[in-house]
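The structure appears below as structure tokens.
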Amino acid sequence: MKNCQAMHRIAFVAFLFFFASSIFAQKRVIIEKFTSSNCGSCPNGALIIKELQEEYPGLIWVSHHKPTTWMDYDLDNDQSDVLFNTFNNIGTPVAMVDRTAPGSNVVTTSGAWEGLIVQAMNQPAYVNIEIENGFYNPYNRAIEFTVSATFEDLPPGNGPFHIGVMMVQDSITGDGPDYDQSNYFNDTPGHPLQGLGQPIVGYVHNNIARAVLDGPWGSADVIPNEPELNQTYSKTYQYTLPDFVDFEQTRAVVLVARHDENDITQRQVFNANERAFVEFVVTNTEEPQVQALSFRLSPNPVQKVLNIQLEQLPEVGRILNAQGQVLETLQPTALNIEHEVSNLPKGAYIAQFFVDGKWWSKRFIVQ
């Protein structure tokens, strides 16, 4: 990596300076990579970020997957799609570093990433972010945690300020075209990806954004436009972890950023933090005795009416979006339900029904 050692020394000196000037807040930089399983250059982009994480400890990496087809795509989520489309990305891999625009574009190609990381590390942390009071119920997969932001120095200018929260899975491996990673470097002599296949079957996808809470740009109702020094601003988040997401591999990634409604080049991240779900307190110690609930959804994908066929009448049901947020509550009175979904935007959803102390889930797609 060109000039990597010299840039690392500069960043390390800057880190020592800002650590000394702020007792509590540690500056952490976040790189958000836009990627896709059918992008042949993307596995090389992942290797570059892995090297950068080794060179700059504390660098937070999140990957936003772009859908490869109009059908269901297991690695994307609706809000990451919104972020991708906001920047009119014409290709992958590209990335945001602290969501800061070095020029007219917030997203850049891999050649610019290291310089932007060093530049971001040279900035004050301004705000200390804590992820606290984390609780996890393993039987209904409910997660709750509180994000606290405390400004130890005020950035130039006022807000609005947003808190962004992403649910990020460390690694995902699967079968089929959604998971097989295209690889343009399979025949490149000496490249780390040489000989791994085109595509790479069994590829490990790292740091995947499974959900983005409170919209792609986060929560706008927590921090005032003129925050007070050393005043803590907090919000408690609740999230139901879908069955297809591995709890032990997933963490919350949180950022605090200025948000300009009219100019996407003025949405700078001031600081970020992360915490693994396995550090949360488990709230139940015994699994309730449950009977498996069998139900079918058709058609899937669906356009207007979703037919739900139950074998057992549940206590309650609900419809969740791909971020695990409850959109509708159902009170079934019969085993066959015709549920109108034409009011839902296109995308992935989850139908859940509660029986004898446990939620049972199935995914469906609205076209």
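The values are calculated or read from the model by the stated rules, or taken from the named source; none is laboratory data. Owing to the predicted nature of the structure, the values given are computational and were not obtained by experimental measurement. Positions of Cβ are generated from backbone atoms using ideal geometry, with glycine treated the same way; all protein chains shown enter the neighbour counts.
Only one entry of 266, 291, 331, 249 meets the criterion of being at pLDDT below 90, within 25 Å of residue 216 (Cα to Cα) and not hydrophobic (A, V, I, L, M, F, W, C), and that entry is 266. Does region 161-169 include one or more residues that are over 20 Å from the mean Cα position of the chain (by Cα), farther than 27 Å from residue 282 by Cα and either β-branched (Val, Ile, Thr) or in the same structural domain as residue 244 (by TED's automatic domain parsing) (or both)? Taking every residue of region 161-169 in turn, none turns out to be over 20 Å from the mean Cα position of the chain (by Cα), farther than 27 Å from residue 282 by Cα and either β-branched (Val, Ile, Thr) or in the same structural domain as residue 244 (by TED's automatic domain parsing) (or both). Looking across region 89-122, the residues that are surrounded by fewer than 18 Cβ atoms within 10 Å (Cβ to Cβ), without any contact (Cβ under 8 Å) to a residue 60 or more places away in the chain and within 21 Å of residue 37 (Cβ to Cβ) come down to 89, 90, 91, 109. When residues in region 123-166 are screened for being touching a residue at least 60 places away in the same chain (Cβ under 8 Å) and outside any strand (DSSP E or B), 16 of them pass. For region 330-367, a residue qualifies if it is surrounded by 13 or more Cβ atoms within 10 Å (Cβ to Cβ) and out of contact with any strand residue (DSSP E or B) (no Cβ under 8 Å at 6 or more places or on another chain), and the qualifying residues are 355, 356, 357, 358. Of the residues making up region 150-202, those that are under 23 Å from residue 44 (Cβ atoms) and among the aliphatic types (A, V, I, L, M) are 168, 172, 193, 196, 200, 201. Among the residues of this structure, residue 216 does not count as one that is touching a Phe, Trp or Tyr at 6+ places or on another chain (Cβ under 8 Å) and either at pLDDT below 95 or under 28 Å from residue 117 (Cβ atoms) (or both). For region 170-220, residues that are surrounded by 22 or more Cβ atoms within 10 Å (Cβ to Cβ), under 30 Å from residue 144 (Cα atoms) and of a type in the set (S, T, N, Q) total 1. Among the criteria (1) touching a residue at least 12 places away in the same chain (Cβ under 8 Å); (2) in contact with a Gly (Cβ under 9 Å, 6 or more places away or on another chain), the one residue 178 does not fulfil is (2). Would you call residue 253 surrounded by 18 or more Cβ atoms within 10 Å (Cβ to Cβ), among the aliphatic types (A, V, I, L, M) and in contact with a helix residue (DSSP H, G or I) (Cβ under 9 Å, 6 or more places away or on another chain)? Judged against the criteria, residue 253 is not a match. The set of residues in region 192-230 that are touching a Pro at 6+ places or on another chain (Cβ under 9 Å) and of a type in the set (Val, Ile, Thr) comprises 200, 223.
Scanning region 167-185 for residues that are among the charged types (D, E, K, R) and part of a loop (DSSP other than H, G, I, E, B) gives 175, 178, 180.
A single member of 151, 161 is in contact with a His (Cβ under 8 Å, 6 or more places away or on another chain) and surrounded by 16 or more Cβ atoms within 10 Å (Cβ to Cβ), and it is 161.
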